[in-house]
Amino acid sequence: MLKGKTAVLAVSGSIAAYKMANVARMLKKMHCQVQVLMTQNATQFINPITFESLTGNKCLIDTFDRNFQYSVEHVSLAKEADVVLVAPASANVIGKIANGLADDMLTTTVMACPCQKLIAPAMNHHMYHNPIVQQNLQKLREFGYEIIEPDRGMLANGDMGDGRMPKEEVLVDYVLREIAFVKDLAGKKVLVTAGATREALDPVRFITNHSSGKMGCALARAAMLRGAEVTLVAAHMEVEPPRFVETVSVVSAEEMFQAVAERADANDFIVKAAAVADYTPETRADSKMKKQEGELNIRLKRTRDILKYLGEQKRPGQVLCGFSMETDDVLVNSRKKLVSKNCDLICANSLRTAGAGFGTDTNVITIITREKEVSLELMSKDQAAHCIWEVMRELAESQIQSHGHPGWSD
């Protein structure tokens with residue numbers, strides 16, 4: 001995912017420095033070129049050899065360390081960097097950067113980097129809330145630095161409060177959002193649905209399906225990484241929603257209909273990846289239904305067809321994507337759905353295909369549009385999501401060329 005990208009990790013003196021070894025490892029695993037800078041104080045918490053072993057690069061500490069080569073290293077490194085992550089960022093380093101002080105390898109390099117810079121403060125609760133530190137953080141925001149808000153919890157001294165550096169996965173997600181993909185969806189609004197709706201029979205039981213929400217979350221995450229403003233309308237899911245996405249939680253098909261209908265017109269792309277119940281009980285018992293002798297018959301009624309509604313209400317320039325999980329005649333049934341629901345594309349898959357069922361991390365999809373069919377091989381749902389977005393982006397561009405709808409930017 002990060003092949004050809006360079007991330008600079010700037011580590012200052014804090015007990016949270018130990019987390020950065022895992023951040024370096026995770027980025028390196030994605031084929032990122034990782035360069036670590038450390039303050040002298042940081043070396044008291046973690047040995048530079050740890051980073052050198054994980055990244056394969058020399059860990060830089062002092063601007064004038066060892067030989068003349070390192071006296072200008074910060075300049076060449078600044079030119080190569082695609083993103084700088086200062087983590088943990090101590091109050092001292094935050095103050096230096098905010099006020100233009102550069103007296104070591106870390107601060108001189110950060111000052112010289114023209115790329116986006118991320119700051120993850122880590123310190124004592126009262127130090128973090130000190131008005132001077134807060135003023136310095138605000139100054140950095142005004143200069144275009146992004147501040148990664150610290151977590152609240154038990155701190156190194158045993159106190160409870162703000163100041164904990166976020167988990168490694170969070171820091172890596174900030175880096176990925178910045179450099180993983182070209183922002184070809186920047187300025188666009190995307191609405192994605194995901195998960196399985198639940199139709200209540202009584203306060204205990206409900207009707208649902210096997211959808212995990214993984215495909216919908218992959219599509220929302222992919223759009224976010226490509227620069228879109230994403231809203232995820234999520235029913236029951238077995239995965240956490242992606243970061244940097246607005247999540248609207250719903251339970252039933254009717255709740256999902258209402259949430260989607262309220263937001264549909266404002267979005268440029270709508271992706272209906274949720275598995276929505278086609279039927280719901282005619283009545284819902286207020287108390288638990290007790291077991292009785294004999295059979296139990298439950299009358300069901302149709303739920304509102306969200307995809308059909310969206311197709312009927314689709315405005316010019318909007319791209320609508322539906323999903324079709326079939327067991328028989330996959331392409332024929334999916335193409336019928338494309339036409340009857342007025343979609344721009346349908347993502348079809350078969351429950352009978354290995355690796356394409358519910359709950360898996362992979363999928364085998366055929367993308368169907370009015371003009372063509374694109375068959376994807378077995379791949380991760382994240383990879384499939386980006387393939388789907390490539391097709392949706394092409395459709396959006398062709399609509400603009402055909403109808404002259406403004407607003408698309410490369």
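The values are calculated or read from the model by the stated rules, or taken from the named source; none is laboratory data. Everything numeric here is computed off the predicted structure, so don't read it as measured data. Ideal geometry is used to build each Cβ from the backbone, glycine not excepted, and the neighbour counts take in all protein chains shown. Quick note on the areas: whole protein, heavy atoms, side chains included, nothing else; ligands and nucleic acids left out. Shrake-Rupley method; radii C 1.70, N 1.55, O 1.52, S 1.80 Å.
Here the Kirkwood formula puts the hydrodynamic radius of the range 360-404 at 11.4 Å, using every distinct Cα pair.
Pairs from the table (LYS5/LYS272; LYS19/LYS183; LYS3/LYS117; LYS139/LYS188) lying more than 24 angstrom apart at Cα are LYS5/LYS272; LYS19/LYS183; LYS139/LYS188. Summing Lys and Arg as +1 and Asp and Glu as -1 over all other residues whose Cβ lies under 15 Å from the Cβ of ASP82 gives a net charge of +4. Within the listed set ILE367, ILE49, ILE148, the Gaussian network model of the chain (springs between alpha-carbon atoms below 10 Å) gives the highest mean-square fluctuation for ILE49. Ordered from highest to lowest accessible area with the whole protein assembly present and a 1.4 Å probe, GLU178, GLU312, GLU240, GLU293 read as GLU293, GLU240, GLU312, GLU178. Axis of helix 253-263 versus longest Cα principal axis of the chain: the two differ by about 60°, to the nearest ten degrees. Report the local net charge at SER350: Lys and Arg +1, Asp and Glu -1, summed over other residues whose C-beta lies under 10 Å from its C-beta. Local net charge: -2.
At q = 0.12, 0.14 Å⁻¹, work out log10 I(q)/I(0) for the chain with the Debye formula, treating every Cα as an identical point scatterer and leaving solvent out; two decimals please. For the chain at q = 0.12, 0.14 Å⁻¹, log10 I(q)/I(0) is -1.00, -1.16. Distance between the 7 Å Cα→Cβ label points at ASP328 and ASP361: 3.5 nm.
Phi angles across the range 9-22 convert, under the Karplus curve 6.51 cos²θ - 1.76 cosθ + 1.60 with θ = phi - 60°, into 3J(HN,Hα) values of 9, 9, 10, 10, x, 7, 4, 5, 4, 4, 5, 6, 4, 6 Hz, Gly and Pro given as x.
If you build a Gaussian network model of the chain, linking Cα atoms that sit under 10 Å apart, which residue out of ALA222, ALA21, ALA354 swings the most? Highest fluctuation of the listed residues: ALA354.
Using a probe of 1.4 Å, the accessible surface attributed to LYS314 totals some 50 Å² when neighbouring protein chains are kept in position.
Rounded to the nearest 5, the antiparallel percentage of DSSP beta bridges internal to the chain is 30%. Computed from phi, the 3J(HN,Hα) profile of the range 203-216 under the Karplus parametrisation 6.51, -1.76, 1.60 (θ = phi - 60°) reads x, 10, 10, 8, 9, 8, 9, 8, 4, 9, x, 5, 5, x Hz, with x in place of Gly and Pro. Here the ratio of the Cα radius of gyration of the range 1-133 to 2.2 N^0.38 Å is 0.99.
Using only the C-alpha atoms, the convex hull of the range 204-249 corresponds to 71 Å³ per residue.
Can you give the extra length, in nm with one decimal, that the chain gains between GLN138 and MET379 once fully stretched, where that is 0.36 nm per residue apart less the Cα-Cα distance?
82.5 nm
Helix 330-340 and the longest principal axis of the C-alpha atoms of the chain enclose an angle of approximately 80°. Projected label points at ARG370 and GLN44, each 7 Å from Cα along the beta carbon direction, are separated by 6.9 nanometres.
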